[in-house]
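One structure below.
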Amino acid sequence: MVRRLSPMHFRFYIQQRFMRGVHALHEILQYLKQHGERLDSEIANDTGIPLAKVRLDVSSLTASGELIMCHSIRFEKGKKSEGMLYRVAGYIPPLSPGRKPKA
């Protein structure tokens, strides 16, 4: 049995779904700013967002130009691991303390 929502409840439901989506996009951007370049599976594991949702969100962020994506193949202990690597576009992390000044 399908429950029909009144227009007011439907609008509230859509707003809640939209805000959850915006929160996930913001969370992914903040995560990548803090941790730098990461695989999509690492983003999903560390943020707790399902992998399918991460892939959907980063594809929209990549299309808007906020993220840069590249296909990555890694070999760990002889095992091939493929994934998509993401980083924030145009973001330069602050210098770490203790570095020598540039000459």
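The values are calculated or read from the model by the stated rules, or taken from the named source; none is laboratory data. Worth saying up front: this structure is predicted, and the values here are computed from it rather than measured. Don't worry about glycine lacking a Cβ; one is built from the backbone with ideal geometry, like all the others, and counts go over all protein chains shown.
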- Query: For the range 84-103, what are the residues that are at pLDDT 85 or above and either at positive phi or of a type in the set (Ser, Thr, Tyr) (or both)?
  - Reply: TYR86
- Item | Evaluation of ILE68 against (1) touching a strand residue (DSSP E or B) at 6+ places or on another chain (Cβ under 9 Å); (2) in a helix (DSSP H, G or I) (one fails), failing number | (2)
- Query: In the range 30-56, what residues are touching a strand residue (DSSP E or B) at 6+ places or on another chain (Cβ under 8 Å) and surrounded by 14 or more Cβ atoms within 10 Å (Cβ to Cβ)?
  - Reply: TYR31, LEU32, ARG38, LEU39, ASP40, SER41, ILE43, ARG55
- Note on the structure: Here the qualifying pairs (Cβ atoms under 6 Å; residues six or more apart or on different chains; first in the range 43-60 and of a type in the set (Lys, Arg); second buried (at least 16 other Cβ atoms within 10 Å of the Cβ)) come out as ARG55/ASP40
- Item | Selection count, the range 36-51, where residues are of a type in the set (A, V, I, L, M) and either at pLDDT below 90 or touching a Ser or Thr at 6+ places or on another chain (Cβ under 9 Å) (or both) | 3
- From the list LEU85, LEU56, LEU32, LEU95, which one is in a strand (DSSP E or B) and out of contact with any helix residue (DSSP H, G or I) (no Cβ under 7 Å at 6 or more places or on another chain)? LEU85
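Yes or no, residue by residue, for (1) at pLDDT 70 or above; (2) surrounded by fewer than 11 Cβ atoms within 10 Å (Cβ to Cβ):
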site	(1), (2)
ILE14	no, no
ARG17	no, yes
VAL58	yes, no
SER64	yes, yes
CYS70	yes, yes
